Amino acid sequence: MISVRNLSKSFGQKLAVDDISFEVKKGEVLGFLGPNGAGKSTTMRMVTGYLPPTSGEVFIDGINVAENSIGAKQKIGYLPEAAPLYSDMTVSSFLSFIAELRGKGKSDVEAAIDICFLGPVKRQSIDTLSKGYRHRTCLAQSILHDPEILVLDEPTDGLDPNQKQEVRNLIKRMGEDKAIIFSTHILEEVEAACTRAIIIDQGRVVADGAPNDLKAKASGSGSHTVKISGMAGSGIRSELSSISGVKMVREFASSESSFSGQVIPSKKINTNGESIFNLCKEKGLLLEELRVEEGRLDEVFREITKTDTEISERNVKEEDPEKVVQD
Amino acid sequence: MSALKNIWIVYNRELKAQFNSMLAYVFIVIFVLLSMSLTFLLDDFFAPNAQDASLEFSFFRWPMWLLMFLAPAVGMRLWAEEQRTGTIELLLTMPLAVWHAIVGKYLAALSVITIAILFTFPIVITVAYLGDPDNGTVWGGYLACIFYGGGALAITCAVSALTRSSVACLIIALALCFGQLLIAIPPVLEYAADNWGGRVADVLGSLGTWAHYTEMKRGVISFANVVFYLSMIGFCLFLTSVVIKSKRS
Ligand SMILES: Nc1ncnc2c1ncn2[C@@H]1O[C@H](COP(=O)(O)OP(=O)(O)OP(=O)(O)O)[C@@H](O)[C@H]1O
Ligand SMILES: [Mg+2]
């Protein structure tokens, strides 16, 4: 449905989007992640035909946006980043204006008002709306014509927690029979609503995959957090380190009779749980806690989008010999 | 067909926006009051030896100067405001061509100016009561005003696409309209003819608005005048679309 090929955009000297390609099929919800200024909004503006690309092409349902932008725009619903609105209009007159341009009628306006919970403010002038309601009005505008393709730039920005949840559910529900791209800085949102996520940094795609696959890339992923008692902490630590498949053991706390820390596997697969359990059974130790770390998306995000110097600083710290026993 | 429909939808919204902001009322009232006071007070309108209550000399002399302010004031927000608030992103991702939006907005502003011009009819009634004005002059004068206002508005429209600031647009558009008038007033043309040759003077005279306006207000609606205004409007609106497109690339 959405096919982006080698898309680039430069503003003068600055390359904001650098050779991005991806596809979104019907039934897919694609989450766009990336630090501020990564080029998310710029990419979305090119997908919706607002900005012409410097190079590359966008196809919407087979239509080349550069050649038939009106045809493409008919199929797209777009929520721009700042949720711009004509502030001199009321909510319902604004939505009616959009409906007219989209060739839709009163019933579609009413439906959009219901879906976005705008009933209480529909006769209110937009310049007196609160930020969340403004955002919802603009969201209503984007879904009013029941488009096949939705491009939502930070759709939950400025919403209260209940509304955030509603919008996530809405995206998820609509995603079943539409192709959706949405950007966000809230990583739980990606896990909650996306079937796929792309991380963009400095105009380039640096990661692309299902949220779970991305999470597995976190350095903490697959490690075990343990708390064991019944022996001196240093002893437990060396026993744990000697398990095959364990890369290193990080210590949180250690005492005369207990140890707590993290067991990091040499490969990113969690096969050490059983070994740890067996070890405790053999030595007669008490396994008070055993938890598998799933790997967190924000960890992946930080690792991927951090500058090189920051990452190497972090690695040095991790290999601090005081705290870590190498295998 | 869909072009007309789109233009109509944009026109409607823009016209409502003009009147919602109250500014349109203010501009119309100021324009009408100034037209009347300048005509009746400044021009010895009621003096016994006035030129037999002819509208051409006493009334239609002023609107050109007033329109030079009114058109930029009405048109300054057309695109500057869209760009300042970001609604341009919304408008240009709707399924309509850029020129539909440009024409719709332009016509809405032109309607405001036309309404302002037509509200000066009490002056005409007064003249008709006091004397016997030539109908041709009255119509010619009104047409001259609308064409002149339309031209000034088209310039404003193009300037408005260049900036996010309405005030900057107002000042620049005013300066341009003034300049366009100035290059074709008789003293300038004489100077040009003496110093740079007759051809330069001819070009200045036909590009400037002075002669076109003064001919028309006398009731001379020549083909050349109409073509002048229409091509100026067309050119400026085309320029607007070029500016809007090039700003994004
Ligand atoms: N019109 C413009 N002119 C010049 N530079 C621009 C323009 N629009 C965007 N940029 C630059 O392009 C880069 C990408 O901007 P973009 O808005 O796409 O980032 P983003 O990923 O959406 O960031 P955020 O998370 O803050 O919304 C930024 O460095 C920005 O300064
Ligand atoms: Mg953005």
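A short reminder: the numbers here are calculations on the coordinates, not readings from a lab. Keep in mind that this is a model prediction, so the values were computed, not measured. Counting neighbours? That spans all protein chains shown, and the Cβs are built from the backbone with ideal geometry, glycine included.
Could you state the angle between the C-alpha long axis of helix A:91-101 and the longest principal axis of the C-alpha atoms of chain A, as a value from 0 to 90 degrees rounded to the nearest 10?
With rounding to tens, the tilt is 70 degrees.
As I understand it, the value is the acute angle between the Cα axis of helix A:308-318 and the longest principal axis of the Cα atoms of chain A; what does it come to in degrees, rounded to 10?
30 degrees
Please find, in a Gaussian network model of chain A (springs between Cα atoms separated by less than 10 Å), the residue of A:Gln262, A:Gln74, A:Gln13 whose mean-square fluctuation is greatest.
Among A:Gln262, A:Gln74, A:Gln13, the largest GNM mean-square fluctuation belongs to A:Gln13.
Is there a quick way to get the dipole size of chain A? I mean about its Cα centre, with the Cβ of Lys and Arg at +1 and of Asp and Glu at -1; what is the value in debye to the nearest 20?
540 debye
Roughly how many Å is it from the Cα centre of region A:148-226 to that of region B:69-121, as a whole number?
39 Å
What does the helix-only formula give at 222 nm for chain A: each DSSP H stretch with n ≥ 4 adding -39500 (n - 2.57), the total divided by the residues, and the result rounded to the nearest 500 deg cm²/dmol?
Working: 12 runs with 116 residues, N = 327.
Value at 222 nm, helices only, nearest 500: -10500 deg cm²/dmol.
Mind checking the mean number of beta-carbon atoms from other chains within 10 Å of the Cβ atoms in B:81-91?
Values: counts 3, 2, 0, 1, 5, 6, 6, 3, 11, 14, 5.
The per-residue average across the peptide is 5.
How large is the charge dipole for the protein assembly as shown, taken about the Cα centre, if only the Cβ atoms of Lys, Arg (+1) and Asp, Glu (-1) carry charge, to the nearest 20 debye?
Its charge dipole is roughly 540 debye.
Considering Cα pairs under 8 angstrom that are at least six residues apart, work out the relative contact order of chain B and quote it in whole percent.
Reported as a whole number, the value is 26 percent.
Computed over the Cα atoms, what is the radius of gyration of region B:2-248 divided by 2.2 N^0.38 Å, N being its residue count?
Its radius of gyration relative to the 2.2 N^0.38 Å reference: 1.06.
Taking the inverse of the average 1/r across all pairs of different Cα atoms in region A:224-293, what Kirkwood radius in Å do you get?
Evaluated over region A:224-293, this radius sits at 11.6 Å.
Taking amide H positions as placed 1.01 Å from N in the peptide plane, with prolines and chain starts having none, which residues 5 or more places from A:Ala197, or on another chain, fall under 5 Å of its amide H?
Here A:Gly31, A:Gly209, A:Ala210 satisfy the definition.
Set the bar at 24 Å for Cα to Cα. Now go through A:Lys73/A:Lys172; A:Lys25/A:Lys106; A:Lys9/B:Lys105; A:Lys172/A:Lys306; A:Lys164/B:Lys247 and name every pair that lies beyond it.
A:Lys25/A:Lys106; A:Lys9/B:Lys105; A:Lys172/A:Lys306; A:Lys164/B:Lys247
In whole Hz, with x marking every Gly and Pro, tabulate ³J(HN,Hα) for region A:45-53 from phi via Karplus 6.51 cos²θ - 1.76 cosθ + 1.60, θ = phi - 60°.
5, 6, 4, 7, x, 6, 9, x, x
Largest first and to the nearest Å, give the Cα extent of region A:164-275 along each principal axis.
So the extents along the principal axes, rounded to whole Å, are 58, 30, 27.
Evaluate the Debye formula for region B:157-223 with equal point scatterers sitting on the alpha carbons, no solvent, and hand back log10 of I(q)/I(0) at q = 0.14, 0.17, 0.19 Å⁻¹, in q order, two decimals.
Relative scattering, expressed as log10 I(q)/I(0), comes to -0.55, -0.71, -0.80.
Based on DSSP H assignment, which helices of chain B show an axial Cα extent of at least 20 Å together with a mean Kyte-Doolittle hydropathy greater than or equal to 0.0?
For chain B, where a helix must reach 20 Å along its axis and average at least 0.0, the hits are B:23-37, B:98-118, B:135-162, B:166-182, B:223-248.
Which net charge results for the neighbourhood of A:Ile198, defined as the other residues with beta-carbon distances under 10 angstrom from its beta-carbon, given Lys and Arg at +1 and Asp and Glu at -1?
Around A:Ile198, the surrounding residues sum to +1.
Can you give the average number of partner chain beta-carbon atoms within 10 Å of each beta-carbon in peptide A:274-283, as a whole number?
0
If you fit an axis through the alpha-carbon atoms of helix A:131-143 and take the longest principal axis of the Cα set of chain A, what angle between them do you get, 0 to 90°, nearest 10?
Rounded to the nearest ten degrees, it is 70.
Treating each Cα of the protein assembly as shown as an identical point scatterer and ignoring solvent, apply the Debye formula and state log10 I(q)/I(0) at q = 0.09 Å⁻¹.
The calculated log intensity ratios at q = 0.09 Å⁻¹ are -0.82.
Explain nothing, just the number: dipole magnitude of region A:224-293 about its Cα centre with +1 on each Lys and Arg Cβ and -1 on each Asp and Glu Cβ, in debye rounded to the nearest 20.
My answer is approximately 260 debye.
Distance between the C-alpha centers of region A:14-76 and region B:157-229? Whole Å please.
The two parts, judged by their Cα centres, are 44 Å apart.
Using the charge dipole of region B:2-248 (Lys, Arg: +1 at Cβ; Asp, Glu: -1 at Cβ; taken about the Cα centre), state which of B:Ala116, B:Ile7, B:Ser222 has its Cα farthest towards the positive end.
B:Ile7
Suppose a student asked you for the relative contact order of chain A, using Cα pairs under 8 Å spaced at least 6 residues apart; what percent would you report? Before the final figure, lay out each step's value.
On the way: 653 pairs, mean separation 58.2, N = 327.
For chain A, the relative contact order is 18 percent.
Would you calculate a helix-derived [θ] at 222 nm for chain B, using -39,500 (n - 2.57) for each DSSP H run of n ≥ 4 and dividing by the full residue count, to the nearest 500?
-25500 deg cm²/dmol
Hey, if you drop one equal point scatterer on each alpha-carbon of chain A and run the Debye formula without solvent, what base-10 log of I(q)/I(0) do you get at q = 0.09, 0.12, 0.13 Å⁻¹?
Cα-only, vacuum Debye calculation for chain A: -0.60, -0.86, -0.94.
Stokes-Einstein at 37 °C, 0.692 mPa s, Kirkwood radius from Cα pairs: D for region B:118-240 in µm² s⁻¹?
On the way: Rh = 15.9 Å.
So the translational diffusion coefficient is about 207 µm²/s.
If amide H atoms are built 1.01 Å from N in the plane of the peptide, which residues on other chains or at least 5 residues away come under 5 Å of the amide H of A:Val246?
Here A:Ser266 satisfy the definition.
So what are the ³J(HN,Hα) numbers for region A:187-193, from phi and the Karplus equation (6.51, -1.76, 1.60; θ = phi - 60°), rounded to whole Hz, Gly and Pro as x?
Couplings: 6, 4, 4, 5, 5, 6, 10 Hz.
Determine the shielding of peptide B:94-101 by partner chains: average, over its residues, the number of Cβ atoms on other chains within 10 angstrom of each Cβ.
Counting Cβ atoms of other protein chains within 10 Å of each residue's Cβ and averaging gives 4.
Between A:Glu288, A:Glu23, A:Glu100, find the one with the highest GNM mean-square fluctuation for chain A; connect C-alpha pairs within less than 10 Å.
Result for chain A, Cα springs under 10 Å: A:Glu288 fluctuates most.
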